[in-house]
Amino acid sequence: MTHKQSPLEFFNCKYHPFANTYRLKTPYLGEQDKRFLRTAISLISSGKSFALSGPSGAGKSTLINYVLSQLDANCYKPSLVHYGGLQRNGMLKAFADVLGVETNGRTVPLLISLQKQITNMASEHRSVFPVFVIDDAHLMEKESLMDICSLMFNPQKETVAASFILVGDETFEKKLSLQILASVKTRLTGQFNLNPLNDDESLEFIKFRLSNAGATETLFDPDALNILSSHCRGNRRHIMNMGTLLLTEAFYRQEKTISAELIFNCDQIKISE
């Protein structure tokens, strides 16, 4: 029985350059990423909460996960909560699940129980400061955003109980500017925007992915690299998706180098002449 060569064997790569099945210890960081990283860690160390917005595929989740990985596990307890169209009670239960708070047979309102649990996490005995990341925060209802505000503080000691990082798309900044959410906005120390990569950074991002995968320098020819970076307009997710399609097409054709000609002839990718 003959051995069927895998794509990684064919391209002589250690990993798939554009796969999402493994996380890099250190992701690609552009200049704005590095600035945000320093700022975010400084704000969290001061017990501050803030928002991060940007278009889908800009790398917000990757950047936030890297921020959390840089926090001292002995001092901080990071938690990630995904908003999935949950109404107010469902959102509170999602927090309860993350914090291990029982939701059945309770007599105390769930919001109060969550406040107590968060306060206990940062008590003098344990001294672990909670940091919550809320993904897709631009979709949250006003009431849920107000609940988050109430969880930020310890009402008994009038001190900060937790830091919250609200992550949303490019509409989130505009949503927070509405008068109806003024009380939410004023509780956030800052609002930051993550923009797509510029042309140079797009090329660096692709080369970074190729280098980490152990790919050969000839896997993409220079023209193909330029087309890939310019066509995706700095959107990291688009680069990852298009790169995956190109590798699949090259493997199907048994071509070890992805050329500009292959890109223009790939039926799954629409490139304007």
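The values are calculated or read from the model by the stated rules, or taken from the named source; none is laboratory data. Worth saying up front: this structure is predicted, and the values here are computed from it rather than measured. In case anyone asks, the SASA skips ligands and DNA or RNA and just uses the protein heavy atoms, side chains included. Shrake-Rupley method; radii C 1.70, N 1.55, O 1.52, S 1.80 Å.
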Of the listed links LYS116/LYS185; LYS60/LYS207; LYS25/LYS142; LYS77/LYS142; LYS116/LYS175; LYS48/LYS157, those spanning more than 28 angstrom between alpha carbons are LYS25/LYS142; LYS116/LYS175
Amide H contacts under 5 Å for PHE192, restricted to residues at least 5 apart in sequence or on another chain and with H modeled in the peptide plane, are ALA51, LEU52, SER53
Residues meeting the amide H criterion for ASP169 (H placed from the backbone, H to H distance under 5 Å, 5 or more places apart or on another chain) are GLY54, HIS138
Judged on accessible area alone, 1.4 Å probe, highest first, GLU158, GLU204, GLU255, GLU102 line up as GLU158, GLU102, GLU204, GLU255
Between the Cα axis of helix 110-121 and the main Cα principal axis of the chain, the angle (0 to 90°, nearest 10) is 80 degrees
Between the Cα axis of helix 60-69 and the main Cα principal axis of the chain, the angle (0 to 90°, nearest 10) is 60 degrees
In the list [x] 66, 48, 32; [y] 58, 40, 32; [z] 48, 43, 35, the entry giving Cα extents along the principal axes in Å computed from the coordinates is [x]
Taking placed amide H atoms and a strict 5 Å upper bound, the residues 5 or more places from PHE132 or on another chain that come that close are SER79, SER163, PHE164, ILE165
Over its alpha-carbon atoms, the stretch 41-169 yields an Rg and a Dmax in Å of 14.3, 43
Measuring from the longest principal axis of the C-alpha atoms of the chain, the long axis of helix 88-99 (C-alpha) lies at a number of degrees, nearest 10, equal to 80 degrees
For the chain, percent of DSSP beta bridges that are antiparallel (nearest 5) comes out at 10 percent
From highest to lowest solvent-accessible area (probe 1.4 Å; ligands, DNA and RNA excluded), HIS16, HIS138 read HIS16, HIS138
Per residue, accessible area of the chain with a 1.4 Å probe, heavy atoms of protein chains only, in Å², comes to 55 Å²
One checks the Cα atoms of the stretch 123-273 and finds Rg and Dmax, in Å, of 22.6, 67
